[in-house]
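The values are calculated or read from the model by the stated rules, or taken from the named source; none is laboratory data. Here the structure is a predicted model, which is why all the values come from computation and not from measurement. With ideal geometry, Cβ positions are generated from the backbone for all residues, glycine too; neighbour counts draw on all protein chains shown.
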Amino acid sequence: MRRKQSEYMHWAKTQSRARFNLATSGVGAFPLAELGPLPPLEINGDNSYGYAPLKRAIADHCGVDPDCVVTAPGTSGANYLAFATLLEAGDEVLIEHPAYGLLVDALESVGAVIQRFERTHDGGYALEPELVRRAITPKTQLIVVTNLHNPSSVLTPESVLREIGEIARSVGARVLVDEVYLDAVYENTPRSSFHLGAEFVVRLPLDAQAPAGARVVSVVRPPLRGRRMLVIEDDEDVASAMCVVLEMVGHAMNELRRYAA
Ligand SMILES: Cc1ncc(COP(=O)(O)O)c(C=O)c1O
């Protein structure tokens, strides 16, 4: 049975009493009123496929085409979106171990077959291409890594990521790099792996100015294997109706989920 929620992450996000809770990348809430008088601030506009000025600003910041920018509710939402876009149930995915728990849970929820490769204690938790090469199979569709690595914070150099890209290319797979903490490299911040080749599908920047939850995912569009959609809607009746209508016009509705507020 597919896993539909992550008990551990729910606990870590809502019950942890740690002073610095790393289970969420969000910036703490802060009332605008406390910033003092502000210049006119417009945050509304055409939002059919994301707020265009925001997408443009992100694209400029990352040096990518605005069409490659998709905004998402949080990095985990972005990861889920990327997995749901790239994978079919039963697809094989290779993910580092140890890994951020929710990446594994999200992969399970889309029905991926999960294989692991080690980032070893003796190897200083470095990303070792040889271990990826040994673990990859002709069936691997996606390699998933974090940079900086969660939990060790180890930075993977561009040269190593390129090697991972070449390994992925050899079997026609892609590489998802969760870069939520990359901007925590404050000096000589490396550029996103988005620029390293067509295999690299995701850039997830930690944007200190963005409100909690407004993380960003950039996805190089994969060739379409039929339209699969995920409806996100608080009202269950509205969501069900949308699914029915979209199915009637020929789309495959992946799943319908509700999250407790
Ligand atoms: C690697 C990684 N990805 C995703 C997240 C979750 O980020 P968000 O709170 O934006 O969903 C975290 C948690 O901080 C993380 O460490």
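List pairs: first residue in the stretch 176-194 and in the same structural domain as Glu163 (by TED's automatic domain parsing) and of a type in the set (Asp, Glu), second residue assigned to a strand (DSSP E or B) and near the ligand (Cβ under 10 Å from one of its atoms) anywhere in the structure, Cβ distance under 6 angstrom, at least six positions apart or on different chains.
Pairs that qualify, where the first residue is in the same structural domain as Glu163 (by TED's automatic domain parsing) and of a type in the set (Asp, Glu) and the partner is assigned to a strand (DSSP E or B) and near the ligand (Cβ under 10 Å from one of its atoms), are Asp178/Thr146.
Condition check ((1) at negative phi; (2) part of a loop (DSSP other than H, G, I, E, B); (3) in the same structural domain as Asp183 (by TED's automatic domain parsing)) across all residues:
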{"site": "Asn21", "(1), (2), (3)": "yes, yes, no"}
{"site": "Glu34", "(1), (2), (3)": "yes, no, no"}
{"site": "Leu38", "(1), (2), (3)": "yes, yes, no"}
{"site": "Leu41", "(1), (2), (3)": "yes, yes, no"}
{"site": "Leu54", "(1), (2), (3)": "yes, no, yes"}
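Do you know which residues across the stretch 74-100 are among the small types (Gly, Ala, Ser), within 11 Å of the ligand (Cβ to nearest atom) and either more than 12 Å from Val144 (Cα to Cα) or part of a strand (DSSP E or B) (or both)?
Of the residues in the stretch 74-100, the ones among the small types (Gly, Ala, Ser) are 74, 76-78, 82, 84, 89-90, 99.
If we keep only those that are within 11 Å of the ligand (Cβ to nearest atom) as well, we get 74, 76-78, 99.
Hits for the stretch 74-100 are Gly74, Ser76, Gly77, Ala78.
Looking at the stretch 123-150 only, could you name the residues that are under 21 Å from Glu108 (Cβ atoms) and either within 14 Å of the ligand (Cβ to nearest atom) or without any contact (Cβ under 8 Å) to a residue 40 or more places away in the chain (or both)?
Step one: list which residues in the stretch 123-150 are under 21 Å from Glu108 (Cβ atoms), which gives 132, 135-137, 139-146, 149-150.
Across the stretch 123-150, the qualifying residues are Val132, Val144, Val145, Thr146, His149, Asn150.
Surrounded by fewer than 17 Cβ atoms within 10 Å (Cβ to Cβ) and touching a residue at least 24 places away in the same chain (Cβ under 8 Å), is that true of Glu34?
Values: surrounded by fewer than 17 Cβ atoms within 10 Å (Cβ to Cβ): yes; touching a residue at least 24 places away in the same chain (Cβ under 8 Å): no.
So Glu34 fails the test.
Run down Arg19, Arg3 and say which single residue is within 27 Å of Tyr125 (Cβ to Cβ), exposed (fewer than 12 other Cβ atoms within 10 Å of the Cβ) and either over 20 Å from the mean Cα position of the chain (by Cα) or at pLDDT below 80 (or both).
Numbers: Arg3 fails: exposed (fewer than 12 other Cβ atoms within 10 Å of the Cβ).
Result: Arg19 is the single residue among Arg19, Arg3 that is within 27 Å of Tyr125 (Cβ to Cβ), exposed (fewer than 12 other Cβ atoms within 10 Å of the Cβ) and either over 20 Å from the mean Cα position of the chain (by Cα) or at pLDDT below 80 (or both).
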